[in-house]
Amino acid sequence: MSIIRRILGEPRPGKPLPVICKDPVTLAAAQRVERSGHCACLSLRGKKGTPSVPNLHAEPQDTSAPGWLALLTLIDESRNTSVIEPSATIPAEQWSDVITLPTEVQFLTTVSQLRLYGSHLRRLPPEIGRLSALCNLDIYTSYSLHWLPYEVTRCARLRDTRMSTRALYGNIKTRLPFPRLSGPLNVLQPQTCSVCDKPFGERGATPYWTTQRIGTDVTPLLAHSCSSECTARIPDAPEGYYARPHKGGGGVGMPVSDLY
């Protein structure tokens, strides 16, 4: 059954199906991806009252999974290309087992378009900030991806983004709460400070949430700061959002209620 029929159902006799305004690349990706198996955080959005605080996704990636191994090969073969789209070459049942990108993504310095439509990613690695040529980031319908690493702010050419914003922490409409940050988690911590890009050394890392405009979207970011000076360098959030870096939990970090 085609993606159009899955969305709109069978056409009525004598009436053609409505035209869906989707570009060919998106339509092809929509036909490939596995739509089930996303996290349960999305169910919190539709409940009345204050949504429960979700858990921060820190699941380890199965590095023996066929999809992970195929992704490593794809990245190695794509170091001189401008577009990378894992779902176009990795079978859907394998691609859906990939919950993060490998640190090797940092070597894709010629990639200008990163197409992750419909992925089951839970997070992106801080090394995405090394993609100096990145102009377009598409994570639309990646419903298990609720935040980006602060390091994405280093992608100076990134101007065009497409995200399922209702799945993001602190979204101005759904107000999905930020998980509480009690301390750094090894699986999420970068090798260097998110702000100054220097090794942490004995200072250690302190995680904070912030909300910033990335490309065409207002996005929650997870920053790991090495010092109070670096934390102070994080810009204020856009108007309507919690201005300064915060630890999340409950209503902390949420946009003001009169804007939705």
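The values are calculated or read from the model by the stated rules, or taken from the named source; none is laboratory data. On a predicted model such as this, the values are computed, not experimentally measured, just so you know. Every residue, glycine among them, receives a Cβ derived from its backbone with ideal geometry; neighbour counts consider all protein chains shown. Accessible surface is based on the protein model in full, side chains and every heavy atom, while ligands, DNA and RNA are left aside. Shrake-Rupley method; radii C 1.70, N 1.55, O 1.52, S 1.80 Å.
Observations on the model:
- Charged side chains reduced to their Cβ positions (Lys and Arg at +1, Asp and Glu at -1) give the chain a dipole of some 940 debye around its Cα centre.
- Using Cβ point charges alone (K and R +1, D and E -1), the dipole size of the stretch 101-165 about the Cα centre works out to roughly 100 debye.
- Accessible area per residue for the chain, computed on protein heavy atoms with a 1.4 Å probe, is 49 Å².
- Antiparallel DSSP beta bridges within the chain, percent to nearest 5: 50
- Neighbourhood charge, 10 Å Cβ-Cβ cut-off, centred on Tyr117 and excluding it, Lys, Arg +1 and Asp, Glu -1: +1
- Farthest positive-ward along the chain dipole, Cα basis, beta-carbon charges - from Gln191, Ala70, Ser164: Ser164
- Taking only the Cα atoms of the stretch 37-185, the ratio Rg/Rh comes out at 0.97, with Rh defined as the Kirkwood radius.
- Residue among Pro24, Pro91, Pro235 with the largest mean-square fluctuation in a Gaussian network model of the chain, springs linking Cα atoms under 10 Å: Pro24
- Across the stretch 25-32, computed HN-Hα scalar couplings (Karplus, 6.51 cos²θ - 1.76 cosθ + 1.60, θ = phi - 60°) run 5, 5, 4, 5, 5, 5, 6, 8 Hz from first to last residue, x flagging Gly and Pro.
- Cα gyration tensor shape for the stretch 109-260, rounded if a/c is under 1.5, else prolate or oblate: oblate
- Taking one quarter of the surface of the C-alpha convex hull of the chain gives a mean projected area of 15.4 nm².
- Share of carbon and sulfur in the accessible heavy-atom surface of the chain [1.4 Å probe, %]: 51
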